[in-house]
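One structure below.
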Amino acid sequence: METLKGIPVSPGVAIGKAYVLHSEDHFNFPARTISVADIAKEIARFENALIQTRAEIMGIRKKISAQIGRESSDIFNAHLMILEDRTLIEDVISVIKGKKVGCEYAFTTIMQRYFSAFAQIDDEYLRERISDIRDIGKRLIRNLCGEKRDHVELTENRIVVAHDLSPSETAMMDKNKLLAIVADVGGPTSHMAIISRSMEIPAVVGTDGATLKIQSGDTVIVDGTHGVVILNPDVATIQEYTERGYRISEQITALDKLRDLPAETKDGRRISLAANIEFHDEIPSVYSHGGDGIGLYRTEYFYMNRTDLPSEDEQYRAYKQVAESMKGHSVIVRTLDLGGDKFLSSLEVPNEMNPFLGWRAIRFCLTRVDIFKVQLRAILRASAHGNFKVMYPMISNLNELKQANVILRDCQEELKKEGLAYDPKMEVGAMIEIPSAALISDILAKEVDFFSIGTNDLIQYALAVDRVNEKIAYLYEPTHPAILKLIRQVVESGHRHKKWVGCCGEMAGDPAIAMLLLGLGIDEISVSPFILPKVKKSIRSVNYEDAKLIAEKALQFHTGEEIRVFINQELKRVAPDLVED
Ligand code: PEP
Ligand code: MG
């Protein structure tokens, strides 16, 4: 039995067999044993992958040579030399034959030997050749596995263990067979974590090498509430966690009884409690957990896992379905928030050094107005069938907001001319997720009907902490005084201009923080559907006047830790059963 610690990102307990995803980046393959009869087949697989990789490299070299010049294309000669290196090839073949193992394992074992040998070389130039070897190795493994990680097929109930999982890989997994997720890397507000919460699948990230320790088929316990992964547990531990799992389900069922009650404080302040969704099929869960509406509909998943872009009609039909299913309840559709940790296979967006700071979200849409207009027209048309609102992600200045609004108005004009219906009063909002936007919220407020504070990004930009990096996750502090001050400023600016202000970041799903946000004057909280009951309970347990005092006092502390301790104590006073042990 071994216990691995990680970051808890999606609550709940799961017990089951592991399925370790081979990561082409990670050179980590289990030693799959083969029979003597299969040796020739494995060698042939390896040789075919070599041929395929060589052909790819020659193709790239030709392209680069034509586009940039001979000199640049020479780098690929080094790659070809590695692939043609007889010693390497023979070493791999001898591991396959000698150990009777699969060629992926044999190849990566030899690769690891090369990495260590090169790492010890004194000559810097030669040492840097490691990246060439790694690059070529990754390509060869991809060809060897013939496996597109975008389509992870689970044939049985499994706990998926991976070095890293993209949001689209997570979303594509069969929810009925996926018991839990364990990842070596990642942060609490990475989109993979958000998706696992939406799917109600327990998840732990940042486990520092789970893929190296866990083998496919091992029994594993995942405690997504406390960030614990137990490998090969004994009978007593299995029993203990099974009971813990029951207790969590009982708590969820008890809280779901609040479903039909409003998110209203004891002294009568009612806020809107809405849900964040990515997919239409989450709507029943919004209802079953008592959401007032949808506070954030992340539309980018509609564009992912496909090779073409969704047409206006296709989007219109999908959004209309959401509008109708929500039967007049408010739905805030966020326009395409491509980038960061979400990429579209249909668009050739160049790799960037800092994708979270790059050509993403509204910046992308304002350059690709063609794509933006298709989506805005579809949203506008769907607004005729329900209570739709639209908001733009990643607004950083006034100009972007004005430009987006001009394009929206152009779309309205076009639809009017074409005789297509839309709601001319559809509210328009800006997400406040960049500190610059929070600081000029007073100016932005004049251009919108509402603000929605996206704290997932606001925290990463204000505190300079990559939201998907587990190594610095300890710095990702929602209760940092700077964050609370930014939120307070946005709420005050909005209210001064009679605009309502919501918060759709993940931090609002923490019942103690929800109480704090309430005290800061937030009008709407939007979180993953299954977290709604906890937040509702927190709101219903407190007086608004007290929440305001709590927020005031919290703002006087100097550190996030002090604020965290203080609000947990306050929550414990009013709703002890909401505080985790
Ligand atoms: C946010 O940044 O807080 C947010 C809600 O948007 P996303 O998590 O999709 O970036
Ligand atoms: Mg965001």
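Within the accessible area of region 265-578, the carbon and sulfur atoms contribute 52%, probe 1.4 Å, all protein chains present.
Proximity of backbone amide H atoms, modeled 1.01 Å from N, is registered between ALA274 and ASP292, ILE525, SER526, VAL527 at under 5 Å, excluding neighbours fewer than 5 places apart on the same chain. For the chain, the share of DSSP beta bridges that are antiparallel, to the nearest 5, is 35%.
Here r is the Cβ-Cβ distance between ASP174 and VAL579 and R0 is 30 Å; the resulting FRET efficiency, rounded to 0.05, is 0.30. Looking at region 232-372 alone, DSSP beta bridges between its own residues are antiparallel in about 25 percent of cases. Over all projection directions, the Cα-based convex hull of the chain averages an area of 29.5 nm².
With a cut-off of 8 Å between alpha carbons and a minimum separation of six or more residues, what is the relative contact order of region 36-145 in percent?
Value for region 36-145: 33 percent.
Checking a compactness column here: for region 265-578, what do you get for Rg(Cα) / (2.2 N^0.38 Å), N being the number of residues?
Scaled against compact globular proteins, the figure is 0.98.
In the chain, the longest principal axis of the Cα atoms and the axis of helix 86-99 are about 80 degrees apart.
With helices as the sole contributors, the chain gives -14500 deg cm²/dmol at 222 nm; each DSSP H run of n ≥ 4 counts as -39500 (n - 2.57), and the sum is divided by every residue.
Relative contact order, whole percent, for region 396-552 stands at 19, derived from Cα pairs under 8 Å and 6 or more residues apart.
If r is the Cβ-Cβ distance from MET58 to LEU549 and R0 is 56 Å, what FRET efficiency results, to the nearest 0.05? After rounding, the FRET efficiency stands at 0.20.
To the nearest 10 degrees, how steeply does helix 124-145 sit against the main Cα axis of the chain, on a 0 to 90 scale? Value to nearest ten degrees: 80. Net charge dipole, region 36-145: roughly 440 debye, given to the nearest 20, about the Cα centre with Cβ charges of +1 for Lys and Arg and -1 for Asp and Glu. Distant-in-sequence amide contacts of LEU179, defined by a placed amide H-H separation under 5 Å and a gap of 5 or more residues or a different chain, comprise ARG158, ILE159, VAL160.
Each of PRO478, VAL527, ALA171 was placed along the dipole of the chain (beta-carbon charges, centred on the mean Cα), and the one lying farthest toward the positive end is VAL527. Using C-alpha pairs below 8 Å separated by at least 6 residues, the relative contact order for the chain is 14 percent. Using the Cβ-Cβ distance between ASP123 and ILE407 with R0 = 56 Å, the FRET efficiency computed as 1/(1 + (r/R0)^6) comes to roughly 0.55. Which of THR211, ALA318, ALA14 sits closest to the plus end of the dipole of the chain, meaning its Cα is farthest towards the positive end, when Lys and Arg get +1 and Asp and Glu get -1 on the C-beta? Selected residue: ALA318. Among the listed pairs LYS175/LYS342; LYS62/LYS138; LYS499/LYS548; LYS5/LYS100; LYS485/LYS553; LYS402/LYS499, a Cα-Cα separation exceeding 24 Å is found for LYS5/LYS100.
Carbon-plus-sulfur accessible fraction, region 36-145 (probe radius 1.4 Å, protein heavy atoms only): 52%. The angle between the Cα long axis of helix 398-418 and the longest principal axis of the Cα atoms of the chain comes to about 80 degrees, rounded to the nearest 10. The residues of region 310-381 have, on average, 41 Å² of accessible surface per residue, using a 1.4 Å probe with all protein chains present. Charged side chains reduced to their Cβ positions (Lys and Arg at +1, Asp and Glu at -1) give the chain a dipole of some 840 debye around its Cα centre. Note on GLU418 and ALA66: the model spin-label points, each 7 Å out from Cα along the C-beta direction, lie 3.7 nm apart. Treating only the Cβ atoms of Lys and Arg (+1) and Asp and Glu (-1) as charged, compute the dipole magnitude of region 265-578 about its Cα centre; round to the nearest 20 debye. It works out to roughly 760 debye.
Gain on full extension, evaluated as 0.36 nm per residue between GLU240 and MET353 minus their Cα-Cα distance, stands at 36.2 nm.
The values are calculated or read from the model by the stated rules, or taken from the named source; none is laboratory data. Given the structure is predicted, the values throughout are model-derived calculations rather than measurements. As a convention, Cβ positions derive from the backbone with ideal geometry for all residues, glycine included, and neighbour counts pool all protein chains shown. The accessibility values were calculated without ligands, DNA or RNA, using every heavy atom of the protein model including side chains. Shrake-Rupley method; radii C 1.70, N 1.55, O 1.52, S 1.80 Å.
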